[in-house]
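Report on one structure; see the data block that follows.
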Amino acid sequence: MESEVSDTPVVQVEGLSKSFGKSLVLNSVDVSVVRGETLVVIGPSGSGKSTLCRTVMGLERFSHGKISIEGRLFAECTNGKDLRLGSDHKRRRLAMGMVCQQYTLFPQLSVRHNVELGPAKVLHLSKRVVRERAEAVLTRVGLAEKMDSYPAHISGGQKQRAAIARELAMDRRLIMFDEVTSALDPELVHEVLQVMRELAEAGMTMLVVTHEMGFARNVANRVIFMDNGSIVESGSPARVFDHPEQERTKTFLEHLLG
Amino acid sequence: MGALRQEAKASRVAVLAVLGCVLGLGVVWFLLTSIGGSGPAVSYHWDFRIVEPYLPVLLEGLGLTLELSIASIALGMALGLFVAMARLSSIAAVRAGTTLYVEVMRGTPPLIQLVWVYYALPVLTGIQLPAFESVVLAFTLNLGAFYGEAFRSGIQAIPQEQVEAGEILGLSYVQRMQYVVVPQAFRIVLPVLISISISLFKDTSLVSFLGVSDLLYQGHVVSDVTYRPLEIYTTVALLYFAIAFPITLIMRRYELHLHRHLAETK
């Protein structure tokens with residue numbers, strides 16, 4: 001998988017820990033994603049993959065650790081309770097986008113209006129720019145004919161592609177994908193993975209949580225395996241899939257690939 | 001869209017049914033007024049002719065009933081929004097206090113609430129409200145609980161992922177309410193809001209026991225004067241129905257309109 005990958009980490013996570021009651025959902029996780037990189041996270045359910053994405057996005061609190069965006073502090077917690085936010089927090093927060101597994105689009109708005117909402121009401125762009133941008137990103141994901149349809153009238157794959165378009169319209173530096181194909185009928189998975197592949201090849205920085213091993217192998221620059229809140233193994237797709245070093249990785253891959 | 005088309009058809013049928021009813025009632029009225037005065041060996045002679053001169057009085061009462069209803073519904077809904085948010089508050093004391101209020105309002109008869117506000121308020125606070133304002137206050141407090149519960153359930157019915165999608169997009173709390181929560185919650189709870197409102201419209205008849213001259217009160221008065229309670233109270237019931245039923249039909253149409261983009265077709 002060859003694409004331009006530079007050295008600047010778009011997002012850097014250091015020592016991220018999160019407890020949920022008594023259990024440690026994230027255990028001092030260190031991970032970074034550099035510009036243009038596609039990082040794929042695999043692991044069993046409950047391993048903390050989704051929690052990692054959600055915590056970096058700011059949807060969940062964390063008890064210890066530091067998150068930096070493009071070298072600047074985004075959020076930090078050293079004592080288990082007080083969250084310290086970096087300056088310009090909101091702008092850095094908007095540099096990150098996330099596509100979730102389901103219920104992503106707002107049902108009472110057309111596909112077009114779903115995509116226009118952010119640029120119009122959050123980025124405060126002009127009406128003309130908002131409209132052109134929405135049309136451009138929807139065409140890019142292959143939904144040019146469905147712009148004025150409503151979410152209830154399009155397929156699951158089309159919904160997810162629209163959700164991706166929504167993030168593209170927001171000028172994200174990094175987009176996280178949290179098992180975006182896991183709830184789809186099998187025949188609809190390919191069209192979504194195809195869009196994601198094209199995005200990766202165009203140089204988007206991506207963090208992808210997925211069970212789709214084909215995608216991981218063919219599109220990822222780097223694969224990390226998480227289990228029980230920790231990163232167990234990390235490396236190139238070929239290395240991790242073909243020569244896993246850790247027992248837990250081997251067991252997981254065996255179960256997954258049969 | 002199959003289900004919705006059936007609904008649209010059903011509402012057309014309902015409109016025809018209403019027209020049929022009205023026509024039928026008109027026929028009945030004609031028959032009874034032309035027959036009235038004599039009849040077979042029954043102890044009560046129906047005579048709807050006597051209603052006619054008292055119709056303006058009854059309509060005046062209906063006017064007050066409508067004023068009461070509209071004021072109480074509007075204020076009750078406004079209160080209901082706050083009640084819903086309070087029930088979902090992160091502060092335990094706020095949640096507990098609101099829950100107590102809701103349970104009291106739902107667990108006690110509305111007539112007692114009316115009487116209580118009318119008599120106890122001046123005793124407790126020294127404020128003496130005129131009868132109309134007093135009953136509107138009582139109804140508002142009562143409705144606030146019911147509407148509040150409806151709004152709360154609507155808000156909670158929205159998948160958490162939807163609110164999070166709004167957060168991810170960068171929408172502020174107010175924007176999330178405006179673009180994500182309220183549009184969806186409103187559609188979900190509209191049927192409940194309608195039935196609470198129609199119930200209230202009929203419950204306003206309780207104020208007649210406090211001497212407020214609503215439709216039912218005028219019905220008592222006219223019935224005492226004419227000694228013809230059956231005809232009068234039947235007319236009163238028809239007047240309530242003549243308002244409530246068309247509103248139900250209109251709101252049903254509105255509901256279908258709101259749902260026009262939401263029916264899954266794949």
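The values are calculated or read from the model by the stated rules, or taken from the named source; none is laboratory data. Since the model is a prediction, treat every value here as computed from it, not as a measurement. Cβ atoms come from the backbone with ideal geometry, glycine included; neighbour counts cover every protein chain shown. Protein only, heavy atoms only, side chains kept; ligands, DNA and RNA dropped before computing areas. Shrake-Rupley method; radii C 1.70, N 1.55, O 1.52, S 1.80 Å.
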Restricting the first residue to the range A:55-69 and requiring it to be within 14 Å of chain B (Cβ to nearest Cβ), which pairs with a second residue that is of a type in the set (S, T, N, Q) and open to solvent by 10 Å² or more (accessible area, probe 1.4 Å) meet a Cβ separation below 7 Å and a spacing of at least six or different chains? A:E60/A:T51
Name the pairs: first residue in the range A:84-102 and in contact (Cβ under 8 Å) with a residue 12 or more places away in the chain, second residue open to solvent by 80 Å² or more (accessible area, probe 1.4 Å) and in a loop (DSSP other than H, G, I, E, B), Cβ to Cβ under 6 Å, at least 6 apart or on different chains? A:A95/A:R173
Which of the residues that make up the range B:184-198 are open to solvent by 30 Å² or more (accessible area, probe 1.4 Å) and either of a type outside the set (G, A, S) or within 11 Å of chain A (Cβ to nearest Cβ) (or both)? B:F186, B:R187, B:I188, B:P191, B:V192, B:I198
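Out of A:R173, A:R217, I need the residue that is open to solvent by 30 Å² or more (accessible area, probe 1.4 Å), on the phi < 0 side of the Ramachandran plot and in contact with a helix residue (DSSP H, G or I) (Cβ under 8 Å, 6 or more places away or on another chain). Which one?
Answer to the selection: A:R217.
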Name the single residue, out of those in the range B:114-148 being among the β-branched types (V, I, T) and modelled with pLDDT of 90 or more, that is most open to solvent (accessible area, probe 1.4 Å). B:V115
Being farther than 23 Å from A:R92 by Cβ, of a type outside the set (D, E, K, R) and either under 12 Å from the mean Cα position of the chain (by Cα) or within 14 Å of another protein chain (Cβ to nearest Cβ) (or both): is that true of A:I175 here? no
Name the strands (runs of 3 or more DSSP E) wholly inside the range A:68-140 in which the number of residues that are surrounded by fewer than 21 Cβ atoms within 10 Å (Cβ to Cβ) is 2 or more. A:72-77, A:83-85
If a residue must be open to solvent by less than 60 Å² (accessible area, probe 1.4 Å) and within 14 Å of chain A (Cβ to nearest Cβ), how many such residues does the range B:230-258 contain? 2
Of the residues B:I91, B:I127, which single one is away from chain A (no Cβ under 14 Å), of a type in the set (A, V, I, L, M, F, W, C) and closer than 30 Å to A:Y103 by Cα? B:I91
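Find the residue count for the range A:121-178, including only residues that are among the aromatic types (F, W, Y) and free of Cβ contacts under 8 Å to residues at least 40 places away in the same chain.
0
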Against the condition more than 10 Å from every other protein chain (Cβ to nearest Cβ) and assigned to a helix (DSSP H, G or I), how does A:V180 come out, does it pass? no
